[in-house]
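Working notes, beginning with the structure itself.
None of the figures in this text is laboratory data; all of them are computed from the coordinates on show. The shown structure was predicted, so the numbers you read here are calculated from the model rather than taken from an experiment. For neighbour counting, all protein chains shown are included, and Cβ atoms are generated from backbone atoms with ideal geometry for every residue, glycine included.
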Amino acid sequence: MSTDTGAPKEYKAGAGGKLYILITCTLLLMVNFMDRQVVAAVVEPMKLALGLNDSEMGILGTVFLLSIAVFSFPISYLIDRWSRRKAVGIMALLWSAFTAANGFAWNFWSFLVPRSLVGVGEAGFVPGGSAMIGAAYSKKARGIAMGVFNAAVPLGIALGSLAGGIIAKQYGWQAPFFIFAIPGIALGLMAFFMKDYKTVDTDQSPGMKVDFGHSIVGLFKIPTLVWTFIGYGLANVMSMSFLFWSPAFIGRAWGVDVQAANSILVPIVLAAIIGSPLGGFLADLWFRKNPRGRLYVPAITIILSAFFLAAALFLQLKGPLGMVLIIVYGILNVMAIPCIMAMAQDVAPVAQKGLVWGAMIFFMYVFGGGWSPYLVGAISNALGQDAQALGTALIIATMGGVLGGLCYFMASRPYIADMDKVKHEQLLAEK
C-alpha cells in the first residue's frame, strides 16, 4: 500500500545539488561580467571600424546600463511567477546570442540594438541566480555562498579586459564577442538541470495573489529593504564612478596609455576576489552570534572602503602606499555585496525572492551607477579635466560610500523583526 499522501515536500537541494547550483551560477556571473567588460576592452579598434566618436560610445554604455535597470523589475517579477532555473538558462542563452550578434555590427545602430538586448538578458540573471543560491543554502551558510558567487564579478571584469584585449589584438575587435558567447551558451544549457523550488503566487495574506503592483509595494513595506535599497544605491555612487573613471585617472596621473592603465588596474580588480567570500564568511560568523551582524559587516566595510579610496586618490595611487590603499579598498568594497544578497533573501517572502534583487539592481543604477559617472565627469570638467580635477571629483563621490554605510546601519535595526515576519514561510520542492 502506498504511503504517499500527496502532500508537498520541503525543498532541499542536497549537497550535490546545491554545489551544482553554486558552480553553475558563479561561472555564469563570471561570463556575465566578461560580456559586460568586453566593450571597454575593444573601444579604440571598434570606434575606428564603425566610425564612432566618444559621445556615441558613451551612449552605447548608457543604453546598456539603463536596459538592465528598466527590465530588472519586470523580469525578476516574471522569474518569481515562473521558474528560476528555466529563466536563468534562457537569460544566459539570450544574452550570449546577442553578445555574438554584436560581432556582426557594421554601424552604430546595428551594435546598439543587440547590445541593449544583452542588457535585458543580464537583467534577469542575477535575481534568478541569487534566489536559487539563497534557497539552496541555509541562513547560517548563505553569506559565504553569496560570497563565492560574487567573487565571479571581479574575476569576470579582469578576464573580460585581459582576454578581450588579447583576442582583439590577434583576431580583430569582433572576435571577443564571438568567443565570449560560447561559455555562456554552454552554461545556459547546464542551468536547466539545477534543482529549483516550487513557484508560489500568494503572499503572507491567505489566498492573496501577488501581482506586479502588489509585489513592488510589498517590498517597500519591509523597512530593512527600504534602507538597504537607498544604501546600495548611494554606495554605488562611489563604486561605479571609480570603475568607470579609474583607467582615465591612472592615465592622466601616471602619464601612461590606455592599455597600460588597464593593466595597472588588474591586480586591484583581482584583489577584490578575496573580499567577496571574506565578507560572506564574516557575515555568517557574526550572524550566529548576533543576526544584525549580517548588516554590520557591509556598514563597516563600505565606510572603511570610502576612506581608503579617498586616501589612495589623494596620493594618485602612486608609490607602495598608494597601491596598498587602493588594493585594500578593492577588498573592502566588495565585502558588502554577499552580505546584502544574503540579507535580502532572509527577509523576502517566497513569492518575491527574485524580485527583491531585481529591485536592488534598479536602485543601484537609478541612485548611483546610472548617473554618477556623469556627475564625476561634470565636476572634473568644471575643475580643469586634469588628474587633480578628476581625482577631486572621485574623492567627492566617496561620500556615497559613507552615506550608504550609514543606511546599512539603519537597516540593521528592523532586520530581526523583518526576518520573523517570513519565518513561517516554507520553500517547497517542484513536483
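Taking N as the number of residues in the chain, what is its alpha-carbon radius of gyration divided by 2.2 N^0.38 Å?
Details: Rg = 21.3 Å, N = 431, 2.2 N^0.38 = 22.1 Å.
Expressed relative to 2.2 N^0.38 Å, the Cα Rg reads 0.97.
So, by mean Cβ neighbours within 10 angstrom, what's the order for 169-175, 243-249, 84-90 with the highest one leading?
Ranked from most to least packed, the peptides come out as 84-90, 243-249, 169-175.
Apply 1/(1 + (r/R0)^6) to the Cβ-Cβ distance of Leu66 and Arg288, taking R0 = 51 Å, and write down the FRET efficiency to the nearest 0.05. Walk me through the numbers on the way to the answer.
Details: r = 40 Å, r/R0 = 0.79.
Here the calculated transfer efficiency is 0.80.
What is the packing order of peptides 92-99, 124-131, taking the mean over residues of other C-beta atoms within 10 Å and listing the highest first?
124-131, 92-99
Points 7 angstrom from Cα along the Cβ direction at Val113 and Trp254: gap in nanometres?
4.1
How do Asp284, Asp386 line up, fewest other C-beta atoms within 10 Å first? Could you put the intermediate results ahead of the total?
On the way: Asp284 26, Asp386 12.
Result, fewest neighbours first: Asp386, Asp284.
If the only charges are +1 at each Lys and Arg Cβ and -1 at each Asp and Glu Cβ, what is the size of the charge dipole of segment 325-431 around the Cα centre, to the nearest 20 debye? Please list the in-between numbers first.
On the way: 5 positive and 6 negative charges, 30 e Å.
Once rounded to the nearest 20, the dipole reads 140 debye.
So if I place +1 on the C-beta of Lys and Arg and -1 on the C-beta of Asp and Glu, and nothing else carries charge, what would the dipole magnitude of segment 14-421 be about its Cα centre? I want it in debye, nearest 20. It would help to have the intermediate numbers written out before the result.
Working: 25 positive and 16 negative charges, 215 e Å.
That gives a dipole near 1040 debye.
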